[in-house]
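The values are calculated or read from the model by the stated rules, or taken from the named source; none is laboratory data. Owing to the predicted nature of the structure, the values given are computational and were not obtained by experimental measurement. Calculation scope for accessible area: heavy atoms of the full protein, side chains included, ligands and nucleic acids excluded. Shrake-Rupley method; radii C 1.70, N 1.55, O 1.52, S 1.80 Å.
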Amino acid sequence: MSKFILFFLSLILFFSCEKRDKKINETSIDSTSLEIPPPPNTYSEFPSPQERLEKWVDYYKSKEADFKLENFQKVDTFKVFNQPATAIPSFSSKFDQRYQAFLTYNADSSKYVDIDSYLLRFSDNGKVDYNTDQEIVLVDLNQKKAHRILFYGPSFWVEDAFFKNDSTLMLLENNNDRVPGYQEINLNTMISTAYTYKDTLSFDSKYYSDRVHQILNKNQKIIP
């Protein structure tokens with residue numbers, strides 16, 4: 001009889017501890033109570049989407065005078081699938097605020113695209129190192145969800161990204177073959193339409209690194 005009582009008490013203790021641990025774990029990962037910081041007044045908000053596209057085109061035109069958007073050709077249409085993001089979103093308490101300046105928001109700041117957090121690494125001496133791969137992350141701040149929508153290896157990369165409008169995300173790209181491209185992703189259907197330049201260029205693009213340096217220079221006070 002005494003053995004039965006001890007066994008019964010052990011079961012009660014086990015389930016009460018399990019319930020307590022579950023509650024602690026659920027509380028520790030709950031991010032719904034975190035305040036979403038307002039987007040800072042950084043490069044990411046300026047220029048406008050049209051000006052941002054023109055800036056990219058003007059960079060290439062300064063290297064090759066015949067460069068223009070009319071020389072891009074549609075090459076593919078494909079479905080973009082949401083995957084768990086590796087980059088830590090801004091609503092997380094673990095988010096590194098130094099990456100805030102690199103985020104590009106939509107018009108009402110309810111979403112942002114992050115092309116830099118996975119690729120860039122801040123070293124202890126304050127310099128920026130580059131990873132070999134690049135993760136493209138789309139974050140919905142209202143729903144507190146972060147999704148990897150694309151992933152690039154070292155031979156392809158996104159140089160800039162912005163919201164063309166509320167339903168369209170644009171990715172400006174290049175690769176080791178010196179053939180620029182861009183994608184227009186419909187955020188309602190998650191269908192991407194890809195375009196590539198008709199010719200191979202004669203120079204290596206430094207647009208991405210130039211953009212990173214511009215952001216760093218503009219935000220020296222918040223990025224030590």
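For the stretch 86-93, the Karplus equation 6.51 cos²θ - 1.76 cosθ + 1.60, evaluated at θ = phi - 60°, returns couplings of 8, 4, 7, x, 5, 7, 8, 5 Hz by residue, with Gly and Pro reported as x.
With N counted as the residues of the stretch 158-224, its alpha-carbon radius of gyration over 2.2 N^0.38 Å works out to 1.35.
Ligands, DNA and RNA aside, His147 has an accessible area near 60 Å² when probed at 1.4 Å.
In this structure, the residue pairs whose Cα-Cα separation is over 28 Å, taken from Lys68/Lys127; Lys144/Lys206; Lys94/Lys218; Lys63/Lys164, are Lys68/Lys127; Lys144/Lys206. Where a ≥ b ≥ c are the square roots of the eigenvalues of the C-alpha gyration tensor, would you call the stretch 49-221 rounded, which needs a/c under 1.5, or, failing that, prolate if a/b is larger than b/c, or oblate? Oblate, since a/c reaches 1.5 and b/c is not below a/b. Dividing the mean sequence gap of close Cα pairs (under 8 Å, 6+ apart) by how many residues the stretch 68-215 holds gives a relative contact order of 24 percent.
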